[in-house]
Amino acid sequence: MKKTILITGATDGIGLLAAKKLAEQGHQLLIHGRNQAKLAQISEQLGGALTYEADFRDMGAVVQMARAVLAAHERVDVLINNAGILKTKQTRTAAGRDVRFDVNTLAPYILMRSLLAVIPETGRVLNLSSAAQAPIDIAAMRAFVPMDDMAAYAQSKLAITLWSAEAAREHPNGPAFIAINPGSLLATKMVKEGFGIDGKDLNIGADILVRAAIEEEFASASGMYFDNDSGGFASAHHAASDKGYCEEFMAALAELTQAHINEVCQ
């Protein structure tokens, strides 16, 4: 069965390669990026994929994108929250938060919550996590605190892993919410800029996203964390098992995002 699949951060790296593989299988691709010219070029390569431009450092842009998707589609079978950032010269957003939390954690949460109305119970939300996970400084998620790139990134990746599991608990009948480490040190722009190395074969990450989007083995994996380094489902950082900590985190996440989610429907 052909699916409608929305991939964020689909103009390069794992997202682009996964989009190409899914388009080759005949699925309808909706692709997101920050550069309209690049989106248009890739849309042509994918046979006319629909494009959505938004800078995830700006929650207003996320709201506008969600509205556009809802206006154009009655159904989105799979949402792949792939867009992410590790290293940038400007780490503080206009909202006064760390860019890693805004792009890697808050923006995908707002998009997911906004699109739930058109994601069926049989659908899937795939969230790009990482082997790099660290306990979240919740105060630093609310307001900018200077920290090194890897610390902020690792916290943001545990954060998206936590809300994946919490969303699964809130929606026991589906869709499936799955956090995925696509593989460590793959040949992405992020790895090249952050670590100065070429990285491993991108197909490692793209192939697991394709599998998770369409294969039956992932249909019943809601709330789980898939670690592609080990090749199977695994335990996330131990903080994910602390109920009180998760509740505190989710309360802060709701505080930061609810107004934007409400705005989508206004």
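The values are calculated or read from the model by the stated rules, or taken from the named source; none is laboratory data. Quick caveat: nothing in here was measured; it's all calculated off a predicted structure. Note that each Cβ is placed from the backbone with ideal geometry, even for glycine, and that neighbours are counted across all protein chains shown. Surface accessibility is based on the protein's heavy atoms, side chains included, excluding ligands, DNA and RNA. Shrake-Rupley method; radii C 1.70, N 1.55, O 1.52, S 1.80 Å.
Which whole number of Å³ per residue matches the convex hull of the alpha-carbon atoms in region 130-195?
Numbers: hull volume 6.9 nm³, N = 66.
Dividing the Cα hull volume of region 130-195 by its residue count gives 104 Å³.
Using amide H atoms built in the peptide plane, which far-off residues or other-chain residues are under 5 Å from Arg124 H to H?
Amide H to amide H, under 5 Å and 5 or more residues apart or across chains, Arg124 pairs with Val78, Leu79, Ala176.
Just need log10 I(q)/I(0) for the chain at q = 0.14 Å⁻¹, Debye formula, equal scatterers on the alpha-carbon atoms, no solvent, rounded to two decimals.
Ignoring solvent entirely, the Cα scatterers give -0.92.
In whole angstrom, how far apart do the alpha carbon centroids of region 69-111 and region 216-244 sit?
One Cα centre to the other: 21 Å.
Tell me which aspartates and glutamates have Cα within less than 17 Å of Lys38's Cα, excluding those fewer than 8 residues away on the same chain?
Asp12, Glu53, Asp55
Which of Ala234, Ala176, Ala49 moves most in a GNM of the chain, Cα contacts under 10 Å?
Ala234
At 1.4 Å probe radius, can you tell me the per residue accessible area of the chain in Å²? Don't jump to the answer; show the numbers that get you there.
Details: 11190 Å² over 266 residues.
That works out to 42 Å² for each residue.
Measuring from label point to label point, each 7 Å out along Cα→Cβ, what is the Asp58 to Arg92 span in nm?
Result: 2.0 nm between the two label points.
Rounded to a whole number, what % of the accessible area of the chain do carbon and sulfur atoms account for, probe 1.4 Å?
So the carbon and sulfur contribution to the accessible surface is 49 percent.
Any idea what the relative contact order of the chain is, in percent, if you count C-alpha pairs under 8 Å spaced at least 6 apart?
19
Check Phe233: other-chain or 5+ apart residues with amide H under 5 Å from its amide H, H built from backbone geometry?
Asp227
Calculate the radius of gyration of the Cα atoms of region 1-145 to one decimal place, then report Dmax, the largest Cα-Cα distance, as a whole number, both in Å.
Spelled out, the Cα radius of gyration and Dmax of region 1-145 are 15.2, 46 Å.
Distance cut-off 20 Å, Cα to Cα: go down the list Lys3/Lys200; Lys157/Lys243; Lys2/Lys157 and report the pairs above it.
Among Lys3/Lys200; Lys157/Lys243; Lys2/Lys157, the Cα-Cα distance tops 20 Å for Lys3/Lys200; Lys2/Lys157.
Run through region 110-196 and list the GluC sites (Glu not before Pro) located in a DSSP loop whose Cβ has at most 15 other Cβ atoms within 10 Å.
Values: sites: Glu121, Glu166, Glu170, Glu193; in loops: Glu121.
When the GluC sites (Glu not before Pro) of region 110-196 are filtered for loop state and at most 15 Cβ neighbours within 10 Å, Glu121 remain.
Efficiency by 1/(1 + (r/R0)^6): what FRET value for His238 and Asp148, r their Cβ-Cβ distance, R0 = 22 Å, to the nearest 0.05?
0.50
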